[in-house]
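The values are calculated or read from the model by the stated rules, or taken from the named source; none is laboratory data. For clarity, every value in this text was computed on a predicted model and none was experimentally measured. A quick note on method: Cβ atoms are made from the backbone with ideal geometry, for glycine too, and the neighbour counts reach across all protein chains shown.
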Amino acid sequence: MKKALALILALVMCLSLSAVAFAADGGSVYYLNFKPEADQAWQDLAKVYTEQTGVEVKVVTAASGTYSDTLTAEMAKTEAPTIFNIGNASGMTDWGDYALDLTDTSIYAERVNDDYVLFDEAGAPKALGYCYESFGIIVNKALLEQAGHSLDEITDFASLKAVADDIHARAGELGFDAFSAPGLDGSSSWRFSGHLANIPLYYEYKDAGLNVGSLPAEITGAYLDNFRNIWDLYITDTAADPTSLSTSTGDESEAEFGQGKAVFYQNGDWEFANLTGNFGMNPDDLTMIPIYCGVDGEDKAGLNSGTENCWAINAKASEEDIQASIDFLTWVVTSEEGTKMLAEQFSGIPFQHASAGANVFGAAAKAYAEAGNYTMFWAFNDTPNVDSWRATVVTALTAYSAAPSDELWADVVAAFVDGWAYEYSVVNG
């Protein structure tokens, strides 16, 4: 009996030690979160982890459009982030020296493959994609049908424009407009200087046989007329004042759509939780369609899919904090609590223990691909000196939107093409 009791006590002791193993080394975690829309979910998950393990996890979320500046400021502090985001090749250039080589870590072992991993020039994995996302034009199907239209009508730019033009013309009668505001405030402009810019970049890459990571020194802007097609539609078929887009925010655009004031809203599958949770939208009323722009054969287009959300661990943190950070991320992608949160907040999760989510936008991306439509990869991840390049594009777009003309559009083209070459030379000499 005593021996049995001793064995039970020993087992209990082992389990207890296992439960607090993460706390034993004294390390802590500071996660600088890239995605504002997931802030509360990360705060809640961090609290659960601390309760279970005793390890302190601090989550700080950068405001939309400010991550680069926030990261620079936070990394200069004594208590710097132990986990941060690197989104693309430009980010790897800036922060690769701060990123831990993940080769022999438990979190790296949980990945599905290397498709969502950022490597340095020596081939070391430095940042691990934690979600595979898709963006396009989000559609409120209920409003679309209320306006007398259906998804089946929209198969290319011409048909999208016809539907949007009709809705905009009858906005007063309908009580809603076609597109939510294409805001160019810093909290919203990334949707266009980054995501919409991917459309002409993708088609140019496709023609040239390039893939993400090609990092061309120059681009031609061959598809910028197509970019103009869709941008003109955005700034015309909307209730927004095109002369005031520089102060039009991302929250305002989201609220317009979430409150049923617009049928179309360019954004990504990361908005699913906010739209169905904060705004109470019915998932059955939502879907996502490609960003059509008038390119030949675009009736076979799918969504833009990829990632710029990659965890990096601060190699300059203490050994204890590095291990605590590795342990935390491993728990996030393997535990019931962590995988549930990832599935609810994001779409495709590239880890072995990923939970199935209910995100209808992710389902749309999958449906397009399974139907044989081409997926548009994220060519914009190659943008050189990305923040500076985007700022120049936004300035040109703002001026053009306020008073559209061929002359001002030429400035947009220059911002794209000449700006790309200039920023490449800044980064690479």
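General remarks:
- When ALA391, ALA399 are checked against the criterion of being out of contact with any Phe, Trp or Tyr (no Cβ under 6 Å at 6 or more places or on another chain), part of a helix (DSSP H, G or I) and closer than 28 Å to ALA127 by Cα, ALA391 stands alone in meeting it.
- Residue within the stretch 61-83 that is over 18 Å from LEU128 (Cβ atoms), at pLDDT 95 or above and part of a strand (DSSP E or B) present: yes
- Scanning the stretch 63-111 for residues that are farther than 17 Å from ILE322 by Cβ and β-branched (Val, Ile, Thr) turns up THR66, THR70, THR72, THR93.
- Selection status of SER189, closer than 24 Å to SER134 by Cβ and either of a type outside the set (S, T, N, Q) or touching a Phe, Trp or Tyr at 6+ places or on another chain (Cβ under 9 Å) (or both): no
- Out of GLU254, GLU204, one residue alone is crowded, with 17+ Cβ neighbours inside 10 Å, in the same structural domain as ASP296 (by TED's automatic domain parsing) and over 19 Å from LEU397 (Cβ atoms). It is GLU254.
A quick yes/no check of all residues on (1) crowded, with 23+ Cβ neighbours inside 10 Å; (2) touching a helix residue (DSSP H, G or I) at 6+ places or on another chain (Cβ under 7 Å); (3) outside the structural domain of VAL412 (by TED's automatic domain parsing):
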residue: GLU173; (1), (2), (3): no, no, no
residue: PHE179; (1), (2), (3): yes, yes, no
residue: GLY186; (1), (2), (3): no, no, no
residue: PRO200; (1), (2), (3): yes, yes, no
residue: THR220; (1), (2), (3): no, yes, no
residue: ASP225; (1), (2), (3): no, no, no
residue: THR243; (1), (2), (3): no, yes, no
residue: SER246; (1), (2), (3): no, yes, no
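- Residue within the stretch 126-145 that is without any contact (Cβ under 8 Å) to a residue 40 or more places away in the chain and of a type outside the set (Asp, Glu) present: no
- With respect to the conditions (1) in a helix (DSSP H, G or I); (2) closer than 23 Å to PHE351 by Cβ; (3) modelled with pLDDT of 95 or more; (4) out of contact with any strand residue (DSSP E or B) (no Cβ under 9 Å at 6 or more places or on another chain), GLY27 lacks only one, and its number is (1).
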